[in-house]
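Report on one structure; see the data block that follows.
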Amino acid sequence: MSIDTAKQEALELLKKLISTPRTSRNESAAADIIRQDIIAHGYNVERTDNNILCKSHYYNPGKPAFLLNSHIDTVKPVASWTRDPFNPQIENGRLYGLGSNDAGASLVSLLQTFYLIDRNPNSLNLIFLATAQEEVGGAEGMRKMASMLPPLEVALVGEPTGMQPAIAEKGLLVLDMGIHGKSGHAARDEGINAIYRAEDVIRFIREYRFDKISPLLGPVRMTVTVINAGTQHNVVPDLCTLTVDIRGNEYYTNEEIFGTLRRELPEWCDIKARSMDLNSSGIDSSHPLIRRAVSLGLKPFGSPTLSDQALLECPSFKMGPGMSSRSHSADEFIMIDELSEAIPTYLSLLDPV
């Protein structure tokens with residue numbers, strides 16, 4: 001198969017995926033399409049729920065593997081779409097459709113790259129994995145698959161990065177806080193208003209600074225995103241709940257961030273973490289793959305957004321066609337040129353390593 005043929009197959013497969021609704025937890029039909037494509041190229045497929053895995057013809061179980069991964073699913077289309085999100089349309093060099101940019105273009109480009117590299121024996125011990133439920137961090141996506149994978153030497157995760165290597169990725173820690181007060185009648189000077197106490201907590205979250213600032217990821221960022229309190233106008237509220245979104249850098253684990261907040265906040269503020277496992281992830285800038293990327297003129301950077309690589313324990317980086325700013329937006333698109341250039345760039349980076 002030539003590179004030109006691979007480019008055309010990638011485009012056609014992406015159009016087929018766009019035509020198939022595949023929002024998180026509803027990826028079955030799209031997983032069928034990917035599975036059928038891989039079988040048509042002469043491979044055996046391992047399917048777990050809606051996750052599709054295939055190994056190189058030359059796969060050696062005694063060697064650490066190189067993972068190529070991207071996700072099948074999409075978010076739900078927002079109300080402001082002016083087009084049919086499930087009707088792939090090409091206009092002015094753009095392919096419109098839900099999931100075209102995030103992360104369909106990366107998915108089909110990595111799959112074609114897998115086929116091309118695997119034509120002959122090579123130094124890579126390749127595994128291709130298309131995962132489900134990435135957009136919701138679901139239990140039946142990478143959370144399940146990570147423990148089922150063989151030992152990995154490195155992973156390349158396909159996400160829209162402008163085909164530049166994101167060698168560091170911020171972690172995610174979501175906290176639910178309960179600020180407790182004491183109820184009373186609003187007409188009298190009684191009770192302890194939990195909303196007023198929450199003001200102090202919100203101010204702390206807004207102003208607190210962790211000492212270590214990453215050259216790639218910047219500081220740890222904390223943002224209050226949800227607040228709820230009160231039952232009726234004449235009752236002093238005794239509970240105010242907050243949700244806090246925290247994006248950590250590589251200098252702090254989620255456990256360390258949680259511990260710091262637990263020590264700093266007063267006892268009337270309960271804190272619960274939804275998950276501790278989405279820590280900052282990445283790969284050392286001295287890794288041979290990253291040195292090669294730099295030699296090709298690519299520019300490593302740090303990404304503020306989360307991906308499935310957060311669930312992998314091996315060195316990993318994100319790289320794929322498209323731009324993160326288009327993700328989850330109305331009238332999402334991928335440039336045809338971006339899709340066309342992705343496969344040759346992946347090949348230049350990976351074949352041969």
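Output the number of the condition that residue 119 fails; it satisfies all remaining conditions of (1) free of Cβ contacts under 8 Å to residues at least 40 places away in the same chain; (2) closer than 30 Å to residue 294 by Cβ; (3) among the basic types (Lys, Arg).
(1)
Which condition number does residue 163 fail, the rest of (1) under 17 Å from residue 22 (Cα atoms); (2) in contact with a Pro (Cβ under 8 Å, 6 or more places away or on another chain) being met?
(1)
Run down 2, 28, 24 and say which single residue is surrounded by fewer than 17 Cβ atoms within 10 Å (Cβ to Cβ), hydroxyl-bearing (Ser, Thr, Tyr) and under 27 Å from residue 139 (Cβ atoms).
The match here is 28.
With the requirement that a residue be more than 23 Å from residue 182 (Cβ to Cβ) and charged (D, E, K, R), what does region 211-260 give you?
Once the filter is applied, which keeps residues that are more than 23 Å from residue 182 (Cβ to Cβ) and charged (D, E, K, R), region 211-260 yields 211, 212, 221, 245, 247, 250, 255, 256.
Residue under question is residue 263, and the condition is that it be farther than 23 Å from residue 307 by Cα, surrounded by 14 or more Cβ atoms within 10 Å (Cβ to Cβ), at pLDDT 95 or above and charged (D, E, K, R); does it hold?
no
Which ones in region 201-214 are in contact (Cβ under 8 Å) with a residue 24 or more places away in the chain and loosely packed, with under 13 Cβ neighbours inside 10 Å?
Correct list: 212, 213.
For residue 63, work out the one condition from (1) part of a loop (DSSP other than H, G, I, E, B); (2) at pLDDT 95 or above; (3) open to solvent by 50 Å² or more (accessible area, probe 1.4 Å) it doesn't fulfil.
(2)
For the list (1) under 23 Å from the mean Cα position of the chain (by Cα); (2) farther than 30 Å from residue 81 by Cα; (3) of a type in the set (S, T, N, Q), I need the number of the one condition that residue 243 fails.
The number of the failed condition is (2).
Please work out which one of (1) within 17 Å of the chain's Cα centre (by Cα); (2) among the hydroxyl-bearing types (Ser, Thr, Tyr); (3) over 22 Å from residue 142 (Cβ atoms) is the condition residue 123 fails and give its number.
Result: residue 123 passes all but (1).
What is the residue count in region 266-288 for residues that are assigned to a strand (DSSP E or B) and either open to solvent by less than 60 Å² (accessible area, probe 1.4 Å) or acidic (Asp, Glu) (or both)?
Total meeting the criteria: 6.
Mind listing just one residue for me: the one in region 158-184 that is in contact with a Gly (Cβ under 8 Å, 6 or more places away or on another chain) and outside any loop (DSSP other than H, G, I, E, B) and, of those, surrounded by the most Cβ atoms within 10 Å (Cβ to Cβ)?
Among those residues, the one meeting the criterion is 169.
Select from region 316-341 the residues that are touching a helix residue (DSSP H, G or I) at 6+ places or on another chain (Cβ under 9 Å), part of a loop (DSSP other than H, G, I, E, B) and at pLDDT 95 or above and write down the one among them that is surrounded by the fewest Cβ atoms within 10 Å (Cβ to Cβ).
Going through the qualifying residues, I end up with 323.
For residue 143, are the conditions met, namely being basic (Lys, Arg), more than 19 Å from residue 111 (Cβ to Cβ), surrounded by fewer than 24 Cβ atoms within 10 Å (Cβ to Cβ) and touching a residue at least 24 places away in the same chain (Cβ under 8 Å)?
yes
Taking interchain pairs and intrachain pairs at least six residues apart, which have beta carbon atoms under 6 angstrom, with the first residue in region 63-83 and among the aromatic types (Phe, Trp, Tyr) and the second open to solvent by less than 10 Å² (accessible area, probe 1.4 Å)?
Sorted first by the residue in region 63-83, then by its partner, the pairs are 66/125; 66/126; 66/154.
Which pairs have Cβ atoms under 6 Å, sit 6 or more apart or on different chains, and link a residue in region 148-166 that is under 25 Å from residue 329 (Cβ atoms) to one that is buried (at least 19 other Cβ atoms within 10 Å of the Cβ) and among the basic types (Lys, Arg)?
157/318; 159/318; 161/318; 166/318
If you take the residues in region 225-249 that are in contact with a strand residue (DSSP E or B) (Cβ under 6 Å, 6 or more places away or on another chain), open to solvent by 40 Å² or more (accessible area, probe 1.4 Å) and not aliphatic (A, V, I, L, M), which one is farthest from residue 209 (Cα to Cα)?
Taking the candidates together, the pick is 238.
Please work out if residue 116 is among the aliphatic types (A, V, I, L, M), within 30 Å of residue 82 (Cα to Cα) and open to solvent by less than 40 Å² (accessible area, probe 1.4 Å).
Here the answer is no, as residue 116 does not meet what is asked.
The values are calculated or read from the model by the stated rules, or taken from the named source; none is laboratory data. All figures in this text were calculated on a predicted structure; none of them were measured in a lab. A quick note on method: Cβ atoms are made from the backbone with ideal geometry, for glycine too, and the neighbour counts reach across all protein chains shown. In case anyone asks, the SASA skips ligands and DNA or RNA and just uses the protein heavy atoms, side chains included. Shrake-Rupley method; radii C 1.70, N 1.55, O 1.52, S 1.80 Å.
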